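The values are calculated or read from the model by the stated rules, or taken from the named source; none is laboratory data. Predicted model only: the values in this text are computed from it and were never measured. A quick note on method: Cβ atoms are made from the backbone with ideal geometry, for glycine too, and the neighbour counts reach across all protein chains shown.
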Amino acid sequence: MSTKPNGRRVLVSGNWKMNHTHYEAIQVVQKLAALLRAGPLPEGTDLSLHPSFTSLRSVQTALESDSVPIALGAQTCHFQDAGAYTGEVSAEMLAKLSVRYVIVGHSERRALFGETDEVVRLKLDAVLRHGMIPILCVGETLEQREAGAAEETVAKQLTAALEERGREAFASIVVAYEPIWAIGTGRTASAEDAQAMSSMIRGELERLGGEVSRLMLVQYGGSVTPDNAAELLACADVDGLLVGGASLDADKLVTIARSSA
Ligand code: PEP
């Protein structure tokens, strides 16, 4: 039974970033399907897969045709429903593809594509408007951590995205704490640091959203591997994992998702 003692479920999400062509994506999904047929995930654990836009339709079909117990996710979206935004994909388009989770405000989007707190908030609105669940990423840089500003940075990101939001929205948002210095670097936050920051995030969520925020999931992300997943998931306030590099491999992703047992 992997539901946390607090009753929250566990959500493991694989963020493929700009990896896997749609052919490769189908192969990985077939392997994931075989692994999950051979042994289901622990009770109370959910798995989501976030392929690139070009693979979404193929992955959706592969998951649905085989009834694979994996939710479809996307990595970002535009905040407008339609219009002259060359190259962009709207939340409405994702919803029509049966996408359930959309990552919003990933640090790579913030740093490389200029996504401000204001844009992140608009994207969150769009995902909620179309009935999907945003995975809101927050996290500090190494400089901010070393300057003792990790908590303040994350609190500011949470406030910008969530203040003055209706209570019902809080039950439909997942937060991913992703220290930027741990993403793709092989350097994971210690379980103590992950727990301390998740607990602080939980306090902020309660301040912003009240009682309902107790239902919200807080994931940890940053160089998660099959070797460190169990220790991270054992933290009282870590309700799941957002996994980049290791999620490209079906065996590793399933091993990580089984670590909540
Ligand atoms: C991520 O993409 O959100 C991430 C945490 O990547 P990695 O697991 O590769 O550090």
Of the residues in segment 30-87, those that are closer than 30 Å to Ala234 by Cβ and among the small types (Gly, Ala, Ser) number 9
Anything in segment 173-189 that is at pLDDT below 95 and among the small types (Gly, Ala, Ser)? List them, or say none. Ala182, Gly184, Gly186, Ala189
Gln30 fails exactly one of the following numbered conditions: (1) within 16 Å of the ligand (Cβ to nearest atom); (2) polar (S, T, N, Q); (3) out of contact with any Leu (no Cβ under 9 Å at 6 or more places or on another chain). What is the number of that condition? (1)
Collect the residues in segment 94-118 that are more than 15 Å from the ligand (Cβ to nearest atom) and either surrounded by 18 or more Cβ atoms within 10 Å (Cβ to Cβ) or under 15 Å from Lys156 (Cβ atoms) (or both), keeping them in residue-number order. Leu94, Ala95, Val99, Thr116, Asp117, Glu118
Return the pair list, or none, for Cβ contacts closer than 6 Å from residues in segment 159-172 that are within 10 Å of Val212 (Cβ to Cβ) and modelled with pLDDT of 90 or more to residues that are surrounded by 14 or more Cβ atoms within 10 Å (Cβ to Cβ) and polar (S, T, N, Q), at least 6 apart or on different chains. Phe170/Ser213
Kindly indicate which of Asp237, Asp227 is out of contact with any Pro (no Cβ under 6 Å at 6 or more places or on another chain), acidic (Asp, Glu), buried (at least 18 other Cβ atoms within 10 Å of the Cβ) and farther than 21 Å from Glu143 by Cβ. Asp237
Of everything in segment 164-208, what is near the ligand (Cβ under 10 Å from one of its atoms) and polar (S, T, N, Q)? Give them in sequence order. Thr185, Thr188
Hey, does segment 47-68 have a residue that's modelled with pLDDT of 95 or more, touching a Pro at 6+ places or on another chain (Cβ under 9 Å) and surrounded by fewer than 21 Cβ atoms within 10 Å (Cβ to Cβ)? yes
As an exercise: evaluate Gly87 against (1) surrounded by 15 or more Cβ atoms within 10 Å (Cβ to Cβ); (2) of a type in the set (Gly, Ala, Ser); (3) under 26 Å from Ala161 (Cβ atoms) and give the number of the one condition it does not meet. (1)
Among the residues of segment 185-224, write down those that are under 17 Å from Thr255 (Cβ atoms) and either hydrophobic (A, V, I, L, M, F, W, C) or surrounded by fewer than 21 Cβ atoms within 10 Å (Cβ to Cβ) (or both). Ser223, Val224
Name the residue that is surrounded by the most Cβ atoms within 10 Å (Cβ to Cβ), counting only residues in segment 72-84 that are in contact with a Ser or Thr (Cβ under 8 Å, 6 or more places away or on another chain) and of a type outside the set (A, V, I, L, M, F, W, C). Gly73
Looking only at segment 223-246, filter to residues that are of a type in the set (Gly, Ala, Ser) and either away from the ligand (no atom under 15 Å from the Cβ) or over 26 Å from Glu163 (Cα atoms) (or both); which one of those is nearest to the chain's Cα centre (by Cα)? Gly244
Taking into account only those residues within segment 26-40 that are over 16 Å from Ala246 (Cβ atoms) and of a type in the set (A, V, I, L, M), which is surrounded by the fewest Cβ atoms within 10 Å (Cβ to Cβ)? Ala38
Mind checking whether some residue in segment 210-229 is touching a residue at least 40 places away in the same chain (Cβ under 8 Å), under 22 Å from Gly105 (Cβ atoms) and of a type in the set (D, E, K, R)? no
